[in-house]
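Peer 1: Below: one structure in structure tokens.
The values are calculated or read from the model by the stated rules, or taken from the named source; none is laboratory data. It should be emphasised that the depicted structure is a prediction, and the values quoted were computed from it without experimental measurement. Heads up, the Cβs are rebuilt from the backbone with ideal geometry, glycines too, and the neighbour counts pull from every protein chain shown.
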Amino acid sequence: MTAHHIRYEVDPDGIATLTIDRAEKRNAMTWAMLGAFHEKVALASADDKVRVLIVTGSGGSFCAGTDLADLAATPESERGSNRAARAAAEPWPLMACPKPVIGAIDGTAVGMGAEFTSQCDVRIITPRTRIAWNFAHRGLVPDTGAGSWLLPRIIGPHRALRLLYSGDFLLAPEALAIGYAAEMVEPEALAEAVLTEARRYLKSSPFSIRHTKALVWKGLERDLSEHMAAHRQALEACFQSADHKEGVASFLERRPANFVGR
């Protein structure tokens, strides 16, 4: 079941697509699926051939959150901070992935599904996208911690608290208006729009992107002096990298760069 419901493919350009494929349940996640999801993100993170990761759902939904029937049947010792969390080396594997992560979000993203959207670097949606952090309706706080830490940093604490308190849906027009989504396209155009976005990043150095992503996300945790120390280390590493030498050479020789990620 797990292999069938979490699909992972890499195209010749190095664009990986991770699809939550359980359309009959609106892509609700079981604990087994969550473990497989984390494993595929780790695979993309470690594979030098992968340049960009796309995360999406099937059948007109993104992810309806945790499968509550599976939750009820799972012993408490295997829930929450136990089995599911141990499946990932990081609490937010999409954020920890050193590659750009694009969320292709069509239809409903609720609960854990909403949390996944917050972990993406870029979100492209459709007019029927609806996102809800409805944990308060179940007597919970956001289950991965993304809703309480990442979401306020993306849209501001007041907007985030309004969504978290009410559990109401963030509808597509508002998601676009407040900058939570980068672009909105019709459902039939979503796959191509996301690939177009991903191909934009293929022009850039994977080495540079890896360090830039880490500086941005880790910078939210650090004070300025810590951030600048990390920045100087990253900049020095970039100066010494093969990608920097290739970037300069390609500019001087007026040709496309052939980056190697080192």
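Peer 1: If residue 24 meets every condition in (1) assigned to a helix (DSSP H, G or I); (2) closer than 25 Å to residue 186 by Cα; (3) modelled with pLDDT of 95 or more apart from one, which number is that one?
Peer 2: (3)
Every residue, every condition in (1) farther than 22 Å from residue 97 by Cβ; (2) more than 17 Å from the chain's Cα centre (by Cα); (3) of a type outside the set (Gly, Ala, Ser), yes or no:
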{"site": "180", "(1), (2), (3)": "no, no, yes"}
{"site": "204", "(1), (2), (3)": "no, yes, no"}
{"site": "243", "(1), (2), (3)": "no, yes, yes"}
{"site": "260", "(1), (2), (3)": "no, yes, yes"}
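Peer 1: For segment 12-33, how many residues meet the condition of being over 14 Å from residue 62 (Cα atoms), of a type outside the set (Gly, Ala, Ser) and touching a residue at least 40 places away in the same chain (Cβ under 8 Å)?
Peer 2: Residues flagged as over 14 Å from residue 62 (Cα atoms), of a type outside the set (Gly, Ala, Ser) and touching a residue at least 40 places away in the same chain (Cβ under 8 Å) within segment 12-33 amount to 4.
Peer 1: Quick check: is even one residue across segment 95-108 assigned by TED's automatic domain parsing to the domain that holds residue 14, within 14 Å of the chain's Cα centre (by Cα), surrounded by fewer than 22 Cβ atoms within 10 Å (Cβ to Cβ) and in a loop (DSSP other than H, G, I, E, B)?
Peer 2: Within segment 95-108 (the criterion being assigned by TED's automatic domain parsing to the domain that holds residue 14, within 14 Å of the chain's Cα centre (by Cα), surrounded by fewer than 22 Cβ atoms within 10 Å (Cβ to Cβ) and in a loop (DSSP other than H, G, I, E, B)), the answer is yes, since at least one residue qualifies.
Peer 1: Right, next: What's the total number of residues in segment 195-233 that are under 22 Å from residue 155 (Cα atoms) and either of a type in the set (Asp, Glu) or touching a residue at least 40 places away in the same chain (Cβ under 8 Å) (or both)?
Peer 2: Number satisfying all stated conditions: 7.
Peer 1: From 236, 192, which residue is within 27 Å of residue 9 (Cα to Cα) and outside any loop (DSSP other than H, G, I, E, B)?
Peer 2: Numbers: 236 fails: within 27 Å of residue 9 (Cα to Cα).
Exactly one of 236, 192 is within 27 Å of residue 9 (Cα to Cα) and outside any loop (DSSP other than H, G, I, E, B), namely 192.
Peer 1: Could you list, in sequence order, all residues of segment 34-47 that are surrounded by fewer than 24 Cβ atoms within 10 Å (Cβ to Cβ) and in a helix (DSSP H, G or I)?
Peer 2: Residues of segment 34-47 surrounded by fewer than 24 Cβ atoms within 10 Å (Cβ to Cβ): 34-36, 38-40, 42-43, 45-47.
Passing the criteria: 34, 35, 36, 38, 39, 40, 42, 43, 45, 46.
Peer 1: A further question follows. Take segment 109-132 and flag every residue that is charged (D, E, K, R), within 17 Å of residue 58 (Cβ to Cβ) and in a loop (DSSP other than H, G, I, E, B).
Peer 2: Going through segment 109-132, the residues charged (D, E, K, R) turn out to be 115, 121, 123, 128, 130.
With within 17 Å of residue 58 (Cβ to Cβ) added as a condition, the list becomes 128, 130.
Within segment 109-132, just 128 meets the criteria.
Peer 1: Give me a count of the residues in segment 1-21 that are part of a helix (DSSP H, G or I) and surrounded by 23 or more Cβ atoms within 10 Å (Cβ to Cβ). Walk me through it before giving the result.
Peer 2: Pass one, segment 1-21, residues part of a helix (DSSP H, G or I): 2-5.
Applying the additional criterion that residues be surrounded by 23 or more Cβ atoms within 10 Å (Cβ to Cβ) yields none.
Of the residues in segment 1-21, 0 are part of a helix (DSSP H, G or I) and surrounded by 23 or more Cβ atoms within 10 Å (Cβ to Cβ).
Peer 1: Only one of (1) free of Cβ contacts under 8 Å to residues at least 60 places away in the same chain; (2) not in a helix (DSSP H, G or I); (3) not aromatic (Phe, Trp, Tyr) is not met by residue 162, so which one is it?
Peer 2: (2)
Peer 1: Which of (1) in contact (Cβ under 8 Å) with a residue 60 or more places away in the chain; (2) surrounded by fewer than 20 Cβ atoms within 10 Å (Cβ to Cβ); (3) more than 29 Å from residue 247 (Cβ to Cβ) is the odd one out, the single condition residue 181 does not satisfy?
Peer 2: Failing condition for residue 181: (2).
Peer 1: Select, from 202, 215, 224, the only residue that is surrounded by 14 or more Cβ atoms within 10 Å (Cβ to Cβ), among the hydrophobic types (A, V, I, L, M, F, W, C) and more than 18 Å from residue 94 (Cα to Cα).
Peer 2: Details: 215 fails: more than 18 Å from residue 94 (Cα to Cα); 224 fails: surrounded by 14 or more Cβ atoms within 10 Å (Cβ to Cβ).
The conditions single out 202.
Peer 1: Scan segment 132-142 and give yes if some residue there is within 17 Å of residue 101 (Cβ to Cβ) and among the β-branched types (Val, Ile, Thr), otherwise no. Working first, answer last.
Peer 2: First, pick out the residues of segment 132-142 that are within 17 Å of residue 101 (Cβ to Cβ): none.
No; the residues of segment 132-142 include none that is within 17 Å of residue 101 (Cβ to Cβ) and among the β-branched types (Val, Ile, Thr).
Peer 1: Now a separate question. What number of residues within segment 165-178 satisfy the criterion of being touching a strand residue (DSSP E or B) at 6+ places or on another chain (Cβ under 7 Å), surrounded by fewer than 19 Cβ atoms within 10 Å (Cβ to Cβ) and either hydroxyl-bearing (Ser, Thr, Tyr) or not in a helix (DSSP H, G or I) (or both)? Don't jump to the end; show me each part of the working.
Peer 2: Let us first name the residues in segment 165-178 that are touching a strand residue (DSSP E or B) at 6+ places or on another chain (Cβ under 7 Å), namely 167-172, 175-176.
Checking which are surrounded by fewer than 19 Cβ atoms within 10 Å (Cβ to Cβ) leaves us with 167-168, 171, 176.
Subset that is either hydroxyl-bearing (Ser, Thr, Tyr) or not in a helix (DSSP H, G or I) (or both): 167-168, 171.
Qualifying residue count for the region: 3.
Peer 1: Of the residues that make up segment 48-60, is at least one touching a residue at least 24 places away in the same chain (Cβ under 8 Å) and assigned to a helix (DSSP H, G or I)? I'd like the intermediate steps shown before the answer.
Peer 2: The first filter runs over segment 48-60 and keeps only residues touching a residue at least 24 places away in the same chain (Cβ under 8 Å), leaving 48-60.
Subsequent filtering for residues that are assigned to a helix (DSSP H, G or I) retains none.
Looking for residues that are touching a residue at least 24 places away in the same chain (Cβ under 8 Å) and assigned to a helix (DSSP H, G or I), one finds none in segment 48-60, hence no.
Peer 1: Kindly indicate whether residue 240 is of a type outside the set (Phe, Trp, Tyr), more than 21 Å from residue 95 (Cα to Cα) and surrounded by fewer than 13 Cβ atoms within 10 Å (Cβ to Cβ).
Peer 2: Working: of a type outside the set (Phe, Trp, Tyr): yes; more than 21 Å from residue 95 (Cα to Cα): yes; surrounded by fewer than 13 Cβ atoms within 10 Å (Cβ to Cβ): yes.
The answer is yes for residue 240.
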